[in-house]
Amino acid sequence: MVADCGSATTRVALLDLVEGRYRFIANGQAPSTGAHPLSDITVGMINAVADVEAATGREIVGEQGQLLIPSQGGTRGVDRFVATTSAAQPLRTVLVGLADQLSLASARRVALSTYTTIEEEFSPADGRSDSERVQELVALEPDVFLIAGGTSGGAATNVIHLVETVSLAISLQDKGSDPPTVIYAGNPVLRPMVAEILGGVGLRAVENVRPDVDAEYLDSAQAELDLLYEKGKLGALPGAEQLRNLANGALIPTAKAFGWSVQYLGAILGNNVVGVDVGSASVTMGAVLNGISHLAVRSDLGIGHNLPKLLEQVDSQQVMRWLPHEMADSDLKDFVANKALFPQTVPVTSEELHLELALARELIRSTLPVAFPSHFDATPTGTLPPVEMILLGGTLLGSVPRPGQAALALLDALQPVGLCMLALDTHGLAPALGAVAGVVPLAAVQVIESGAFRELGGVVAPVGQAKPGEQILRLKMIRENGSELETEVEAGSLKVLPLQPGHRAELQLRPLKRFDVGEGPGRSCRRSVFGGAVGLIVDARGRPLRLPTDPAERRAKTRQWLWDVGGLPV
Amino acid sequence: MLVRTGQQVKPRDIVARASLPQPYLIVNVAKELNVSRDRSRGCMLRNPGDRVRPGDVLAWHKGGFRQVREVTSPVDGKVIAADGGRVIIELEPEPFELRAVLSGTVAEVAPGYGVTIETPGALIQGVWGSGKEGYGVLATGVKERDVVLDARQVQAAHRGTILVCGAVLDEEVLARAQELQVRGLIVGGIPAELQERVCEQLVPVVATEGVGRAPISSAIFDLLQQNQGRQATILAVLPDRWKPSRPEIIIPLPASQPADSAPSPRRALSANLAVRVRRSPYWGAVGRVKEISNEPRAVESGVKFRGAEVILEDGTVAFVPNVNLELVT
C-alpha cells in the first residue's frame with residue numbers, strides 16, 4: 001500500500017504481485033485531514049483506503065481503524081506501507097547574500113529544492129538601513145536564515161556585517177518563539193568568525209554555494225535544508241509520527257519522492273525526462289537533463305491553497321487566454337479566492353474544469369523558468385530542452401475526463417520541441433513509486449513497466465519560421481500491422497493521428513523550410529513512436545506558442561485545439 | 001491579566017493590558033565618532049536598560065585639539081544593547097488593552113496570552129473575515145438573504161450595530177458603515193477585488209459563504225433574523241490555513257438548557273443530513289442528503305466523483321461530489 005498525503009487530497013494505491021510481477025491493483029482518494037478540525041493526517045489516509053477495500057474486496061483496515069500490516073492470508077492486510085506527504089508547513093526561509101545574480105541566485109536555487117517559502121531577501125545593496133533590516137528580520141521570525149556570499153577566500157567585511165545583522169535580529173526575537181537555524185553557505189574562511197558572532201544560535205556550516213563566480217555547489221546546502229524540513233516541519237504535521245511508524249520509519253516529502261520517480265524514468269529510458277506535479281499548495285518539477293537530476297518545488301504556488309499567489313505573479317489575462325469561453329476578470333478573481341478557501345472542491349461544470357486547467361497551465365509556466373534556468377535560457381525558443389518523456393501529475397490533471405485536455409494543457413504550458421512522449425499519472429502513483437524504489441526497487445520498476453502511467457501519446461513538435469498554413473513537414477507513419485498513413489503538416493496546425501495505446505509505429509519525418517524536428521534544421525529522420533490515449537499529436541503551432549490577440553478569435557482557436565485533441569465532447 | 005477564572009465580563013471590559021513591541025533603532029556610534037569598534041566601547045555612556053529621550057548623549061569621544069564629538073539619541077526609548085560599536089534603542093512600547101468583546105464567564109486565564117470566555121448562545125462560522133473584531137446589537141438591513149443592501153439604507157440608527165447586508169458587500173455600503181461607525185458587517189460574499197480594501201478598514205466584515213456574490217445561506221440568515229436586537233460579537237478572523245480559527249459571529253443567549261455538544265468533525269456524510277454546497281453550479285445552496293452514491297458518477301464536466309443526491313431548498317435534486325459538500329449543524 002502506498003499513500004501520498006497532500007495538502008488537500010490524500011491518494012492511496014495498492015500494488016500486488018500478479019503472476020510474479022508487481023502491478024498496480026486499485027487506488028482511492030479522500031480529503032486530507034492534516035489541518036483543523038481533524039488534525040490527524042492518518043484519518044484521510046484511512047478514508048482513502050476504504051475506496052481500495054471497496055474496489056478489491058480486500059480487508060485492509062482493522063476494526064480499530066488501523067492498517068493491517070503485515071498481511072494475514074490472501075485477502076487481509078498489506079505487507080508493506082510506504083508514505084509520502086506534502087501536507088506539512090513549508091520552511092519559512094530568509095535569504096541573505098551579497099549579490100543578487102550570484103550568491104542570492106544560488107541561495108534561491110537551494111531554497112527551491114524542498115518545501116520552503118522565501119519570506120524575504122537581504123543584501124548590502126537592498127537599499128535598507130541596518131535598523132530597517134533588523135526590524136524586518138525580527139518581524140519575519142523565519143525558521144531558517146540561509147546566508148551565502150563571498151567566494152572561497154574572497155569577500156569578508158560585507159559577509160560579516162550581514163551575519164552580525166542576522167545575529168542581532170535573532171537576539172531581539174520574541175523569546176517565546178522557536179529559535180531559527182542559520183545555514184551558512186558562504187566564504188568558508190569566515191566560518192570561525194561566523195560561529196563566534198552567532199554564539200549559541202543553531203549554526204550549520206555547509207559548503208560554499210558559490211565558491212567561485214563561475215562555480216555553483218548546491219548539494220551540501222540543499223541536503224541541510226532538506227534535513228531541517230524533514231526533522232522540523234514534517235515531524236510537526238499532526239499524525240506524521242503514526243504515518244512514519246506505519247511506514248517503517250520512512251515518511252518522505254512528496255516532492256523528493258516525485259523527483260526520484262522522474263530519475264527512475266530517466267534511468268529506464270536512458271534519456272531526458274521531465275515531470276510536473278501540480279498540487280494544491282505546491283508545484284513540483286523534476287527532470288533528468290543530460291544525465292543530471294533537477295528538482296524544483298514552488299511552495300508558494302498551487303491549484304488550491306496557494307492559487308491566489310499566482311495572480312500576484314501573472315496577470316489574469318494570462319490565465320484567461322487559455323479559456324475556450326468568455327469570463328469576466330472579477331469572476332476569475334472570485335473563483336481563485338474561493339478555490340483557496342475550499343481547495344478540496346472539484347469542478348462540476350465544464351467551464352470550471354477548463355478554468356482550473358487554464359490556471360494549471362500558468363502554474364506550470366511560472367515554475368518552468370526557475371526550475372531549470374540554465375537549460376531554459378539555453379534554448380533558442382525559450383522553451384523546454386528536448387526530452388523523451390514528460391510526466392504530468394496532480395489530482396486535477398490526473399482526473400480529467402478526456403486525456404486530450406491534459407495533453408493540451410501540457411503542450412500549452414511546457415511547449416516541448418522535437419519528439420517526445422506524454423504520460424499522465426492518473427492514479428497519483430509517481431511520488432509513491434519514487435518512495436517504493438527505496439524499499440522494493442523491483443516493485444517500482446515493474447509497476448512503471450506495467451503501465452502505471454497513462455500514456456497520452458507521442459508528440460511531434462517541429463520548430464522553425466513559416467507563415468500559418470504553409471507546409472512545413474511531410475510525415476509518414478507506418479504501423480506495426482503494416483498500415484501506412486501519410487500527411488502534410490501546415491504551420492499553425494494541431495493534428496492528432498490515430499495510434500492506439502501500446503501500439504508502436506515508425507515515423508518518417510521530412511521537414512520543409514528548414515524546420516527542425518530534433519535532428520537539426522531541415523534534416524529528415526526516422527523514429528519509433530508509441531501511441532496513447534490521445535494518439536500521435538503533431539503540434540505545429542510554433543514555439544513559442546503565439547495566440548491570436550483578438551479575444552473572440554483566441555477563444556475560437558482554443559476551442560478548435562481542444563476539439564482537435566479530443567478535449568471536447570462529441 | 002486583569003480578570004480571574006469565574007468572573008463575569010461584558011464586551012467593553014478590559015481583560016488584559018500589555019505593551020506592544022515597537023521598532024528598534026540602531027545608532028552606529030563607532031562610525032559617527034570615527035573610532036574603531038573596540039575603542040567605541042570606552043565611549044559609551046549608556047547601558048542596556050537605560051531610558052533615553054531625544055537629545056540624550058549616548059556616547060562621546062574626545063579627539064585631537066580638545067575636540068569633543070557626541071552621539072545623541074534621536075528618539076524616546078530603552079537601550080537594548082550598547083556594544084560592537086552600536087547602540088540599539090527600542091522605541092517606547094505602545095500600551096495595549098485587550099477587551100473581552102464578548103459577554104460571558106471567564107473560563108480560563110492563560111498568563112501572558114489571553115483568556116477564554118464562555119457563553120451559552122448561537123455560533124455562526126463564516127468563511128472569510130477581514131481581520132478585525134467587534135460587538136454590537138444585531139440588525140438586519142435586508143429582508144431577503146439574496147438581495148444586496150443599498151448604501152442609502154445604511155442610516156444613523158445603524159451606528160453601533162452589527163449589520164446584515166445580504167448577498168454581497170457593496171463598496172459604498174462599506175464606506176457608509178465606516179462613516180457611521182457600524183460595529184460589524186455580515187454578508188454572503190465579498191468580491192475579491194474588495195478584500196484588500198476591506199482589510200484596511202476598521203469595521204469588521206464576515207462573509208458567510210465565500211468570495212463573490214452569494215446569498216447568505218438560509219440557516220444562517222434565519223438565525224440572524226431571529227436574533228435581531230440582541231447583543232452579538234463578530235470575530236472576523238482572516239483565513240489562515242495553518243491556524244484552526246475561523247471567522248465567527250457569536251450571539252449570547254439565555255441558557256435555558258445545556259448546550260449541545262459540538263458535532264464531531266469525523267461524522268460521515270449520510271442520508272438526511274443538512275448540507276451546504278461549496279461549488280458551482282449550486283454554490284451556497286442548502287439542502288438535505290437524499291442518498292449517498294457508492295459508485296463514482298460523471299458530472300457535467302465529465303469528471304467522475306463519489307457524491308450524494310441532495311434535495312435542495314427549491315426542491316431540485318442534484319448530484320453533488322462529496323468534497324463539494326459541507327455539513328450544516
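The set of residues from the stretch B:220-251 being among the small types (Gly, Ala, Ser) and either within 12 Å of chain A (Cβ to nearest Cβ) or closer than 26 Å to A:THR33 by Cα (or both) comprises B:ALA236, B:SER245. Quick check on the stretch A:31-53. Is at least one of its residues over 19 Å from B:ALA268 (Cα atoms) and in contact (Cβ under 8 Å) with a residue 24 or more places away in the chain? So far as the stretch A:31-53 goes, no, none of its residues is over 19 Å from B:ALA268 (Cα atoms) and in contact (Cβ under 8 Å) with a residue 24 or more places away in the chain. The condition of being outside any loop (DSSP other than H, G, I, E, B), buried (at least 18 other Cβ atoms within 10 Å of the Cβ), out of contact with any Phe, Trp or Tyr (no Cβ under 9 Å at 6 or more places or on another chain) and more than 13 Å from chain B (Cβ to nearest Cβ) holds for only one of A:LEU332, A:LEU363, that being A:LEU363. Out of B:GLY63, B:GLY104, B:GLY42, one residue alone is exposed (fewer than 13 other Cβ atoms within 10 Å of the Cβ), more than 25 Å from A:GLU164 (Cα to Cα) and out of contact with any helix residue (DSSP H, G or I) (no Cβ under 6 Å at 6 or more places or on another chain). It is B:GLY63. Return the residues of the stretch A:155-206 that are buried (at least 18 other Cβ atoms within 10 Å of the Cβ), in contact with a Gly (Cβ under 6 Å, 6 or more places away or on another chain) and not small (Gly, Ala, Ser); say none if nothing qualifies. Within the stretch A:155-206, A:VAL159, A:THR181, A:ASN187 qualify.
Filtering the stretch B:147-200 down to residues that are within 14 Å of chain A (Cβ to nearest Cβ) and out of contact with any strand residue (DSSP E or B) (no Cβ under 7 Å at 6 or more places or on another chain), which residue is farthest from B:LEU102 (Cα to Cα)? This residue is B:GLU193.
Restricting the search to strands (runs of 3 or more DSSP E) fully inside the stretch B:152-258 and requiring at least 3 residues that are in contact with a Pro (Cβ under 7 Å, 6 or more places away or on another chain) gives B:231-235.
Yes or no: A:GLY259 buried (at least 18 other Cβ atoms within 10 Å of the Cβ), part of a strand (DSSP E or B), at pLDDT 95 or above and touching a strand residue (DSSP E or B) at 6+ places or on another chain (Cβ under 7 Å)? In short, no.
Per the conditions (1) within 14 Å of chain B (Cβ to nearest Cβ); (2) over 28 Å from B:GLN195 (Cβ atoms); (3) in a loop (DSSP other than H, G, I, E, B), the sole criterion not satisfied by A:PRO386 is (1). For the stretch A:303-329, a residue qualifies if it is within 11 Å of another protein chain (Cβ to nearest Cβ) and not hydroxyl-bearing (Ser, Thr, Tyr), and the qualifying residues are A:GLY304, A:HIS305, A:ASN306, A:PRO308, A:LEU311, A:ALA328, A:ASP329. How about the stretch B:54-106: which of its residues are more than 30 Å from B:VAL3 (Cα to Cα), within 14 Å of chain A (Cβ to nearest Cβ) and assigned to a strand (DSSP E or B)? Hits for the stretch B:54-106 are B:VAL79, B:ILE80, B:ALA81, B:ALA82, B:ASP83, B:ARG86, B:VAL87, B:ILE88, B:ILE89.
Residues checked against (1) within 14 Å of chain B (Cβ to nearest Cβ); (2) free of Cβ contacts under 8 Å to residues at least 40 places away in the same chain:
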site: A:GLY77; (1), (2): no, yes
site: A:VAL82; (1), (2): no, no
site: A:THR85; (1), (2): no, no
site: A:LEU95; (1), (2): no, no
site: A:ASP100; (1), (2): no, yes
site: A:LEU104; (1), (2): no, no
site: A:VAL110; (1), (2): no, no
site: A:ARG128; (1), (2): yes, yes
site: A:GLU132; (1), (2): yes, yes
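With respect to A:GLY239, is the statement that it is under 30 Å from A:VAL417 (Cβ atoms), touching a helix residue (DSSP H, G or I) at 6+ places or on another chain (Cβ under 8 Å) and in contact (Cβ under 8 Å) with a residue 24 or more places away in the chain true? When the stated conditions are applied, A:GLY239 does not pass them. Among the conditions (1) touching a strand residue (DSSP E or B) at 6+ places or on another chain (Cβ under 8 Å); (2) free of Cβ contacts under 8 Å to residues at least 60 places away in the same chain; (3) surrounded by fewer than 20 Cβ atoms within 10 Å (Cβ to Cβ), B:ARG246 misses just one, which is (2). Looking at the stretch B:212-227, which of the residues that are more than 12 Å from B:GLY126 (Cβ to Cβ) and touching a Phe, Trp or Tyr at 6+ places or on another chain (Cβ under 9 Å) is modelled with the lowest pLDDT? Selected residue: B:PRO215. Please verify whether A:GLN446 is of a type outside the set (Lys, Arg), part of a loop (DSSP other than H, G, I, E, B) and in the same structural domain as A:HIS354 (by TED's automatic domain parsing), treating the condition exactly as stated. Considered against the rule, which asks whether it is of a type outside the set (Lys, Arg), part of a loop (DSSP other than H, G, I, E, B) and in the same structural domain as A:HIS354 (by TED's automatic domain parsing), A:GLN446 comes out as no. Of the candidates A:PRO253, A:PRO238, the single residue that is within 13 Å of another protein chain (Cβ to nearest Cβ) and modelled with pLDDT of 95 or more is A:PRO238. Out of curiosity, is A:GLU455 touching a residue at least 24 places away in the same chain (Cβ under 8 Å), among the acidic types (Asp, Glu) and either crowded, with 18+ Cβ neighbours inside 10 Å or not assigned by TED's automatic domain parsing to the domain that holds A:VAL538 (or both)? Answer is yes for this residue. Residues that are over 32 Å from the mean Cα position of the chain (by Cα) and more than 10 Å from every other protein chain (Cβ to nearest Cβ) within the stretch A:134-165 comprise A:SER152, A:GLY153, A:GLY154, A:ALA155, A:ALA156, A:THR157, A:ASN158, A:VAL159, A:ILE160, A:HIS161, A:LEU162, A:VAL163, listed in sequence order.
Inside the stretch A:239-256, residues that are small (Gly, Ala, Ser) and part of a helix (DSSP H, G or I) make up a count of 2.
Of the residues making up the stretch A:166-177, those that are of a type outside the set (A, V, I, L, M) and at the interface with chain B (Cβ under 10 Å from one of its Cβ atoms) are A:SER167, A:SER171, A:ASP174, A:GLY176. Given the structure, is B:ALA30 in a strand (DSSP E or B), touching a helix residue (DSSP H, G or I) at 6+ places or on another chain (Cβ under 9 Å) and either among the charged types (D, E, K, R) or outside the structural domain of B:VAL106 (by TED's automatic domain parsing) (or both)? Considered against the rule, which asks whether it is in a strand (DSSP E or B), touching a helix residue (DSSP H, G or I) at 6+ places or on another chain (Cβ under 9 Å) and either among the charged types (D, E, K, R) or outside the structural domain of B:VAL106 (by TED's automatic domain parsing) (or both), B:ALA30 comes out as no. Only one entry in A:ASP334, A:ASP329 is acidic (Asp, Glu) and without any contact (Cβ under 8 Å) to a residue 12 or more places away in the chain, namely A:ASP334. Restricting to the stretch A:221-238, name every residue that is part of a helix (DSSP H, G or I) and within 22 Å of the chain's Cα centre (by Cα). Answer for the stretch A:221-238, where residues must be part of a helix (DSSP H, G or I) and within 22 Å of the chain's Cα centre (by Cα): A:ALA221, A:GLN222, A:ALA223, A:GLU224, A:LEU225, A:ASP226, A:LEU227, A:LEU228, A:TYR229, A:GLU230, A:LYS233, A:LEU234. For the stretch B:9-19, the criterion of being crowded, with 18+ Cβ neighbours inside 10 Å, in contact with a Ser or Thr (Cβ under 8 Å, 6 or more places away or on another chain) and either within 14 Å of chain A (Cβ to nearest Cβ) or hydroxyl-bearing (Ser, Thr, Tyr) (or both) is met by none of the residues.
The values are calculated or read from the model by the stated rules, or taken from the named source; none is laboratory data. Just so it is clear, the structure is predicted and the values come from calculations on it, not from any experiment. Counting neighbours? That spans all protein chains shown, and the Cβs are built from the backbone with ideal geometry, glycine included.
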